[in-house]
Amino acid sequence: MNENPATILVVDDTPTKRYILGSWLRRVGHEVVEATCGQEALEKVRAISPDLVILDVRLPDIDGYEVCERIKGDPTTAAIPVIQISAHAISVLDRAHGLDRGADGYMAEPIEPEEFIATVQATLRYYRARQRAELMAHRLGALTQVTLKINASATFDQMLRAAVEGTAEILDRRAGALAMGLDGRTRRCSVIVPGDEAIYQPVVPDALDRVSAIALGDAAGTAEFSATLGEWLRVVPNATIRIGMFGVISRTRVGRTPVVLGVEALEDLDADEANILKQLCQALAIAADALRTYAEEHLIALTLQRSFLPSHIPSPAGLELAVRYQPAVDNVEVGGDFYEVMRLGDRLLVGIGDVQGHSLHAATIMAELRHALRALAVEERDLGRLMGRLNDVLRHYHPGMTATVCLLLMDTATGEIEMANAGHIPPVIVGDGEAVYLDWGNLLIGAAPERYRVDRLRIPPEGALLMFTDGLIEDRDVPLDQSLEVVRTLAMSAGQDLEAFCDRLIDHFGPREDDVAIVALRRTC
């Protein structure tokens, strides 16, 4: 009996020939479907998609040559092999004509049963090998796309969903994954039916340890394992599988948390399918480690950045203050943005600045400038000279680096302000029903020797002033003037609650590619 039975369509208008050919094929285990003419053959090819067509050349309605050509011309049936047979068109030219019009084989009658069956088996072997190759090519293409999607995921849940949905689609069966999230809790992601949305559920804390004990232990690498339904439910009590499962566990390095990717064991995976599952699991493990490392580095960067900022903001009478520091959404590196608010006797010094670049070096220079500002301001109250001293510090200790800085010295009782601006975006002053930008000031510090002028202004009662770094408004596709105007318009609505205003300002521009520092103040009397 044939170990790989096929569905074969026999097309002939002679009942005796259909019976003889059909009996030979059934004898070796194949399923036979019959058609008596060309049109019926085309309809059955589209309906049942047989593994092979045995096609007589002479048919009462459409000749076999045209029937074959139509089968091969339809993309949905083009891969189905066709063997043409004939008792009349048996010349070399006839056989060449049949092959030219798409036939995969041509046999002239009378036909011996052994030769006929051997030709059928050889044609089916080629057809099935081609099917396997095409399926593998499709799966490898899908594997590449899923791997790219895993690596492009911005969040842990997106990454887990990409892996599970991709596995279910490629292997056409229920799939699931276990992985430890960025919050330290193990999550289970599963697809009940291929094509459905992934669902997430928590699992017992030691689920990954239990799976590791089955297959991998504490070692690094990738290992296959299988589990019956009962065995898997002891590991993951709330699993939704109906039968056993076949899984892969992968750990990138000793000491790292592994990930598990598995599918229901409806039938055994072949070697190619098992390798695809292993590659997907390895891709998930690498991506999970990268995302976890990124999150850890991002947290360290945020902690370092915030440690450079003032730990306390003064609350002078008659003045409301609000500050914000918003780190770049996708930047692990430490930025150079800073702000400073400190009392100097009966006045208040307010500063904001931005050191060029994103790196630990830029953050270190930012911290040095801020500490230098605090030290120099104890004795130097002239903002022009104070800014010049900061310029000297930067040029002397960090030649080649530059920074923008804006300093204000305010009498909180009268609203009188002295301002020195070194290349920073000028503050917006709000009062008397309008909001305007002040002058741009002088050259940024660190570039060259410079004498910094001091401008004098006054904030009216209930008036406000806004300072910010360029990370708030810089967009690749939006002109700077347009973004500056947006800020000016929003500043008109600062109202009586600066904290809410700062939140609205940040929400309006959304996640930024650069760090953002904001200082807003308002006279309350």
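Observations, loosely collected:
- Selection count where residues are touching a Cys at 6+ places or on another chain (Cβ under 9 Å) and among the charged types (D, E, K, R), scope the stretch 419-478: 1
Let's see how each residue does on (1) touching a helix residue (DSSP H, G or I) at 6+ places or on another chain (Cβ under 9 Å); (2) of a type in the set (Asp, Glu); (3) at pLDDT 90 or above:
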{"position": "Met1", "(1), (2), (3)": "no, no, no"}
{"position": "Ile8", "(1), (2), (3)": "yes, no, yes"}
{"position": "Arg26", "(1), (2), (3)": "no, no, yes"}
{"position": "Glu31", "(1), (2), (3)": "yes, yes, yes"}
{"position": "Glu34", "(1), (2), (3)": "yes, yes, yes"}
{"position": "Val45", "(1), (2), (3)": "yes, no, yes"}
{"position": "Val82", "(1), (2), (3)": "yes, no, yes"}
{"position": "His88", "(1), (2), (3)": "yes, no, no"}
{"position": "Arg95", "(1), (2), (3)": "no, no, no"}
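- Of all residues in the stretch 456-489, those satisfying the criterion of being more than 17 Å from Ala517 (Cα to Cα) and charged (D, E, K, R) are Arg456, Arg458, Glu462, Arg476, Asp477, Asp481, Glu485.
- If only residues of the stretch 364-396 that are free of Cβ contacts under 8 Å to residues at least 60 places away in the same chain and either outside any helix (DSSP H, G or I) or of a type in the set (Gly, Ala, Ser) (or both) are counted, the one that is farthest from Gly351 (Cα to Cα) is Glu379.
- Any chance Thr404 is over 13 Å from Leu443 (Cβ atoms) and touching a strand residue (DSSP E or B) at 6+ places or on another chain (Cβ under 7 Å): no
- Restricted to the stretch 421-525, the set of strands (runs of 3 or more DSSP E) holding at least 3 residues that are crowded, with 16+ Cβ neighbours inside 10 Å comprises 428-431, 464-468, 516-523.
- On inspection, Ile20 passes the criterion of being under 23 Å from Glu112 (Cβ atoms), in a helix (DSSP H, G or I) and of a type in the set (Val, Ile, Thr).
- Counted residues, the stretch 240-250 - those being surrounded by fewer than 23 Cβ atoms within 10 Å (Cβ to Cβ) and assigned to a strand (DSSP E or B): 1
- Here Thr228, Thr240 are screened, and the one residue that is at pLDDT 80 or above and of a type in the set (Ser, Thr, Tyr) is Thr228.
- Residues (assigned to a strand (DSSP E or B) and among the aliphatic types (A, V, I, L, M)) located in the stretch 251-280: Val259, Val260, Leu261, Val263
- Listing of helices (runs of 4 or more DSSP H) fully contained in the stretch 137-239 that carry 1 or more residues being of a type in the set (Gly, Ala, Ser) and surrounded by 13 or more Cβ atoms within 10 Å (Cβ to Cβ): 156-171, 207-215
The values are calculated or read from the model by the stated rules, or taken from the named source; none is laboratory data. Quick caveat: nothing in here was measured; it's all calculated off a predicted structure. Methodologically, a virtual Cβ is constructed for each residue, glycine included, from the backbone with ideal geometry; neighbour enumeration extends over all protein chains shown.
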